[in-house]
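Notes follow the structure.
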Amino acid sequence: MSARLRSAVPAALILPGFLLVAGLFVWPVAQLVATSFGDRAGALVHYVKIFTEPTYLRVVGRTLLLSAQTAMLCVLLGYPLAYQLNRAGGIGKAVILVCILIPFWTNLLVRTYGWIILLNPQGVINGVLRQLGLIEGAVPLVYNTTGVLIGMTQIMLPYMVLPLAAVMSRLDPAVMRAARSLGASPAQAFLKVYVPLTLPGVLGGFLLVFMLSLGFFVVPAILGGPRDLLLAQLIEFNINQTLNWPFAAALSTVLLAATVTLYWIGDRFFGLGRLWGAR
Amino acid sequence: MTKGLGNGILSGATGLLCLFLIMPTLIVAPISFTQTDFITFPPRGFSGRWYEAFFERPEWYGSLITSTMVAVVTTLLATLLGSMIALGLARLPRRANRLVSFFFLLPMIVPTIITAAALYSPFAKLGLVATVPGLVLAHTILALPFVVINVSAVAQSMDWRMVNAARSLGATPLVAFLRVTLPVLAPGIAAGAIFAFLTSFDEVVVALFVSGSGATTLPVQMWSGIRFEISPIVAAASCLLLVVSCLLLALFWFLKRK
């Protein structure tokens, strides 16, 4: 095989997929971004609207806050779970893994519907609380921010736990033994050695969950109330209800810029691309 | 003493977390066998009437057929194209590899709501809205990154000298590919295919935009079911999806262990 022919092989293998993704994904997304700047009244009118009108600023703020809260909850719940997953052996490990992977592989709508069954005023959790005599009536757990936060945290938790457990499993146990033999108490060894060494995994997981949460549509739309509109829902609303494409395009561009920036940071500093692949 | 207490707390917390993760997933199973017209817990009676309803109402079983069809064709297309891309990537120099990989990961990074919005007008122009081919193309784009990741993982760690050895021993390029390269890559290709199927079978957002009365997928039907229908038929559909997911997960584990 000649050298020229040899270098043509990878190109020929990649080309069909490249044409598909370039033509039916990258080009349309670029068109969408272009639409957002194409208004006769000025290129930036829609952006000025997003970042000055309180209604839209609130949606942006709420989206950022909810994503940060989800990511924070995932860190708090995910760290002990990843720790235990990494430490447990045999049946214990298998049980934890099944509890993480079955939901992770199950349709989002199934889990969201499951949360409605559990959280609604006539639902399982309110029923149990009433039976125990702890409450009268019902605690509002769904169709509000609480519901969105519960649902999002459960759906995002595997994205935190699996990469974090992988980071923990690569940690050499001898390091902890060394800390102990040098006189550190178990708590000191954990706080001063284990936590700092697993911190990149925590930050990477936080960024991944935060980034994925920003663009979430299905869960907030079903579990949230009419007052909890998020960015993705606002985009959908402007396309399907008010048919305001340029404004929807501007909102999409803001979301896109935020997502790609976060991915770039995450991949550059925490190897986000590799973390994501770990199922 | 304190150590035992600490371990006890940690085990208790782990149990609660496992419950938190698995409960909303498994709760659909008992609900789907209820006799009542609405969701009650604990479910009253035991009947398969909601499964009967699922397979009698064309909007439900029809959407299952559409989803299966779209997912199967998407799997074939994405697995073929994705494996070719991964094979090409393995022969590229490092820098080019990183750049091209990033390009093919984009559909996974970009939020699906943006993909859905972006695809709408080109699909309308091409007459692809509310058609099975339209759904297949959209889902192939979304599934491609998962195939590329899984096949690349195997292709990067493969010892390509094996192929050279086969060639020097007289195998034609085709024979070397079929009998050396392909068997080595097979686990990665199979894993990629499973992810591609699941990506398509479970996808809601893009399907909400590009499907219509001509082609409705099961997730889209469930979406309207959850929002506009209270009957436990959604629970029956959920339980069917749960079974499919568990089977695919078991298959994935089986392949991984081999």
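The values are calculated or read from the model by the stated rules, or taken from the named source; none is laboratory data. These numbers were taken from a predicted model, which means no experiment stands behind them. Because the Cβ atoms are built from the backbone with ideal geometry, glycine has one as well, and the counts that use them run over all protein chains shown. Ligands, DNA and RNA are stripped out before the accessible areas are found, and what is left, the full protein with its side chains, is counted by its heavy atoms. Shrake-Rupley method; radii C 1.70, N 1.55, O 1.52, S 1.80 Å.
Could you tell me which residue of segment A:137-159 is nearest to A:Tyr83 (Cα to Cα), considering only residues that are open to solvent by 10 Å² or more (accessible area, probe 1.4 Å) and of a type in the set (Ser, Thr, Tyr)? Among those residues, the one meeting the criterion is A:Tyr159. The set of residues in segment A:5-63 being of a type in the set (Val, Ile, Thr) and either touching a residue at least 60 places away in the same chain (Cβ under 8 Å) or farther than 27 Å from B:Leu119 by Cβ (or both) consists of A:Val9, A:Val29, A:Val33, A:Thr35, A:Val48, A:Ile50, A:Thr52, A:Thr55, A:Val59, A:Val60, A:Thr63. Filtered by the rule that a residue be touching a Leu at 6+ places or on another chain (Cβ under 9 Å), in a helix (DSSP H, G or I) and without any contact (Cβ under 8 Å) to a residue 12 or more places away in the chain, segment A:129-156 gives a lone residue, A:Thr146. Within segment B:11-49, the set of residues being away from every other protein chain (no Cβ under 13 Å) and open to solvent by less than 40 Å² (accessible area, probe 1.4 Å) comprises B:Ser47, B:Gly48. Consider B:Leu178 carefully, then state whether it is hydrophobic (A, V, I, L, M, F, W, C) and without any contact (Cβ under 8 Å) to a residue 12 or more places away in the chain. Here the answer is yes, as B:Leu178 does meet what is asked. Only a single criterion out of (1) over 24 Å from A:Thr63 (Cα atoms); (2) at pLDDT 90 or above is not satisfied by A:Asn144, namely (1).
Checked against (1) more than 11 Å from every other protein chain (Cβ to nearest Cβ); (2) touching a Ser or Thr at 6+ places or on another chain (Cβ under 6 Å); (3) within 30 Å of B:His139 (Cβ to Cβ), A:Thr106 passes all but a single condition, namely (1).
Against the test of being of a type in the set (D, E, K, R) and facing another protein chain (nearest Cβ under 7 Å), the options A:Arg111, A:Arg87 yield a single qualifying residue, A:Arg111.
Restricting the first member to segment A:243-265 and to residues that are more than 9 Å from every other protein chain (Cβ to nearest Cβ), and the second to residues that are open to solvent by 10 Å² or more (accessible area, probe 1.4 Å) and acidic (Asp, Glu), the beta-carbon pairs closer than 8 Å and six or more apart or on different chains are A:Pro246/A:Asp39.
Considering segment B:69-98, and only residues there that are of a type in the set (S, T, N, Q) and buried (at least 24 other Cβ atoms within 10 Å of the Cβ), the residue that is nearest to the other protein chains (Cβ to nearest Cβ) turns out to be B:Ser83. Set side by side, the residues A:Gly23, A:Gly42 differ, and just one is at positive phi and either more than 26 Å from the chain's Cα centre (by Cα) or within 8 Å of chain B (Cβ to nearest Cβ) (or both), which is A:Gly42.
When B:Arg167, B:Arg227 are checked against the criterion of being open to solvent by 20 Å² or more (accessible area, probe 1.4 Å), within 12 Å of chain A (Cβ to nearest Cβ), free of Cβ contacts under 8 Å to residues at least 60 places away in the same chain and within 29 Å of B:Phe38 (Cα to Cα), B:Arg227 stands alone in meeting it. The single condition among (1) more than 9 Å from chain A (Cβ to nearest Cβ); (2) surrounded by 14 or more Cβ atoms within 10 Å (Cβ to Cβ) that B:Gly8 does not satisfy is (2).
For every residue, the table says whether it meets (1) within 11 Å of chain A (Cβ to nearest Cβ); (2) free of Cβ contacts under 8 Å to residues at least 12 places away in the same chain; (3) more than 25 Å from B:Ile194 (Cα to Cα).
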| site | (1), (2), (3) |
| --- | --- |
| B:Val129 | no, no, yes |
| B:Val132 | no, no, no |
| B:Ala143 | no, no, no |
| B:Phe146 | yes, no, no |
| B:Val151 | no, no, no |
